[in-house]
1. Among Ala70, Ala65, which is under 29 Å from Val267 (Cα atoms) and crowded, with 21+ Cβ neighbours inside 10 Å?
2. On the basis of being farther than 30 Å from Gly17 by Cβ, without any contact (Cβ under 8 Å) to a residue 24 or more places away in the chain and in a helix (DSSP H, G or I), does Glu390 make the cut?
3. Can you confirm whether the range 298-311 contains a residue that is of a type in the set (Asp, Glu) and part of a strand (DSSP E or B)?
4. Sort through Glu366, Glu258 and tell me the only one that's touching a residue at least 24 places away in the same chain (Cβ under 8 Å), over 20 Å from the mean Cα position of the chain (by Cα), assigned to a helix (DSSP H, G or I) and surrounded by fewer than 21 Cβ atoms within 10 Å (Cβ to Cβ).
5. Which residue out of Thr133, Thr225 is within 16 Å of ligand 1 (Cβ to nearest atom), of a type in the set (Val, Ile, Thr) and more than 17 Å from the chain's Cα centre (by Cα)?
6. Take the residues in the range 230-239 that are touching a residue at least 60 places away in the same chain (Cβ under 8 Å) and not in a loop (DSSP other than H, G, I, E, B), then tell me which one is nearest to ligand 1 (Cβ to nearest atom).
7. Looking at His314, His403, His344 in this structure, which one is within 16 Å of ligand 2 (Cβ to nearest atom) and either surrounded by fewer than 14 Cβ atoms within 10 Å (Cβ to Cβ) or not aromatic (Phe, Trp, Tyr) (or both)?
8. Considering only residues that are in contact with a Lys or Arg (Cβ under 6 Å, 6 or more places away or on another chain) and either near ligand 1 (Cβ under 10 Å from one of its atoms) or outside the structural domain of Ala230 (by TED's automatic domain parsing) (or both), look in the range 240-268 and name the one that is nearest to Gly17 (Cα to Cα).
Amino acid sequence: MNSSSLPLHLHVPEPSGRPGHGTDFSYLRVAPAGSARMPPVDVSAADTADLARSLVRVLDDEGHAIGPWAPKVETALLQRGLRAMIRTRAFDAKMLIAQRQKKISFYMQCLGEEAIAIAHALALAPGDMCFPTYRQQGLLLARDDIDMTELICQLMSNSRDPMKGRQLPVMYSYKRAGFFSISGNLATQFIQAVGWGMASAIKGDTKIASGWIGDGATAEADFHTALTFAHVYRAPVILNVVNNQWAISTFQAIAGGEATTFAAQGVGNGIVSLRVDGNDFLAVLAASRWAAERARRNLGATLIEWLTYRAGAHSTSDDPSRYRPADDAKRFPLGDPIARLKQHLVGIGAWSEVQHDETRKECEAEVNTALKQAESFGGALLDGHTPPIESMFEDVYKDMPPHLQEQLQQARAFAAAPGHAPGQGA
Ligand SMILES: Cc1ncc(C[n+]2csc(CCOP(=O)(O)OP(=O)(O)O)c2C)c(N)n1
Ligand SMILES: [Mg+2]
């Protein structure tokens with residue numbers, strides 16, 4: 001048969017593991033800790049082609065910090081980071097239970113990915129703006145100026161919910177903490193971050209932006225549009241691609257991670273790019289600082305692919321046992337970010353098992369107290385609380401236009417009609 005008579009077919013990537021047979025993680029091509037070079041911050045995009053395919057790692061299997069990327073860092077900052085990761089994990093675990101207890105309608109955890117948002121938060125400066133997805137709660141939980149009770153009030157859509165029940169649970173918004181309102185429309189975060197960074201430069205300001213996207217969402221056109229603008233105008237932005245291997249039940253190869261890396265897509269778009277061990281707190285801190293310095297010095301955008309594993313379900317509506325091996329997270333070659341930073345700190349004499357246990361208990365107690373307090377303010381599922389119907393029409397325009405005033409009147413009339421139970425809204 002000559003080649004012109006061969007029937008054509010398409011290639012459909014498949015994960016190397018499925019329920020019942022373990023994943024072959026060799027596809028990750030994990031490089032040893034300390035092996036990736038650290039270029040000067042004014043490196044060209046083409047000169048990062050190798051770094052976009054290898055892996056920046058600092059912590060080795062024994063917990064030693066090695067190689068050129070090992071950051072100069074105060075022990076106290078690492079202890080703070082470890083505590084924030086433990087706190088985030090405790091928060092997630094409790095909120096998952098709260099959802100199962102029908103106290104909140106929905107939740108999304110970041111189990112196994114804590115190091116990325118938390119070390120990144122510690123590398124940014126006040127006034128910088130993150131455009132996060134629903135899996136970067138660590139950006140908020142790394143801070144001590146965000147009230148945990150208020151976060152839970154958002155999850156409960158209760159009377160103290162700063163979002164007034166207008167956002168899905170977990171879609172927080174904290175301008176003062178550099179945390180842009182989360183949008184469920186994925187990949188929009190990238191174009192918005194680039195635009196915000198460009199506006200900062202146009203104003204002659206010093207603040208930088210940090211955009212967030214998952215492996216799956218890179219398949220959206222917005223990802224590619226953002227890279228073009230970031231490249232052309234050398235926007236002061238960090239472009240974070242969190243490759244946690246899965247987009248709900250779709251393996252990362254379907255979004256384009258099989259024959260290339262997500263970091264290499266940055267290089268192809270003229271952007272300095274790194275592929276970094278996202279479960280290595282020190283590597284995340286070092287790479288985030290490096291990218292932030294590049295942005296602040298007008299050297300342009302940096303795309304960072306954070307390699308990690310989504311150890312939990314996608315959301316409380318997902319059951320991963322249907323599509324991937326149950327023990328994958330334990331077998332993931334980059335380990336667990338909390339265990340790895342703990343091992344490092346214990347190794348340098350700056351942490352102990354006792355401290356670890358105490359910290360975990362303190363964090364669990366903090367979450368329990370915050371949950372009780374939030375419950376005392378009621379909630380959509382607890383007591384049928386819904387905000388007054390007017391709130392649906394407010395805060396959009398400075399002055400409510402006539403057509404909305406008319407709709408508000410109709411809604412009020414509908415809500416007051418016989419047979420309409422109070423608390424149901426319109
Ligand atoms: C534009 C858009 N398309 C589809 C969805 C539905 N959706 C919600 S989460 C998700 C998976 C995203 O996966 P990934 O980008 O890898 O992020 P992860 O959940 O793994 O953090 C999808 C398809 C959405 N929210 N927005
Ligand atoms: Mg993903």
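1. Values: Ala70 fails: crowded, with 21+ Cβ neighbours inside 10 Å.
So the residue among Ala70, Ala65 that is under 29 Å from Val267 (Cα atoms) and crowded, with 21+ Cβ neighbours inside 10 Å is Ala65.
2. yes
3. yes
4. Glu366
5. Numbers: Thr133 fails: more than 17 Å from the chain's Cα centre (by Cα).
Selected residue: Thr225, the only one of Thr133, Thr225 that is within 16 Å of ligand 1 (Cβ to nearest atom), of a type in the set (Val, Ile, Thr) and more than 17 Å from the chain's Cα centre (by Cα).
6. Pass one, the range 230-239, residues touching a residue at least 60 places away in the same chain (Cβ under 8 Å): 230-231, 234-239.
Now drop any that are not not in a loop (DSSP other than H, G, I, E, B), which leaves 230-231, 237-239.
Details: Ala230: 18, His231: 21, Val237: 18, Ile238: 17, Leu239: 14 Å.
Per the criteria, the residue is Leu239.
7. On the way: His403 fails: within 16 Å of ligand 2 (Cβ to nearest atom); His344 fails: within 16 Å of ligand 2 (Cβ to nearest atom).
Among His314, His403, His344, only His314 is within 16 Å of ligand 2 (Cβ to nearest atom) and either surrounded by fewer than 14 Cβ atoms within 10 Å (Cβ to Cβ) or not aromatic (Phe, Trp, Tyr) (or both).
8. Trp246
The values are calculated or read from the model by the stated rules, or taken from the named source; none is laboratory data. The structure presented is a predicted model; accordingly, all values stated were derived computationally and were not measured. A quick note on method: Cβ atoms are made from the backbone with ideal geometry, for glycine too, and the neighbour counts reach across all protein chains shown.
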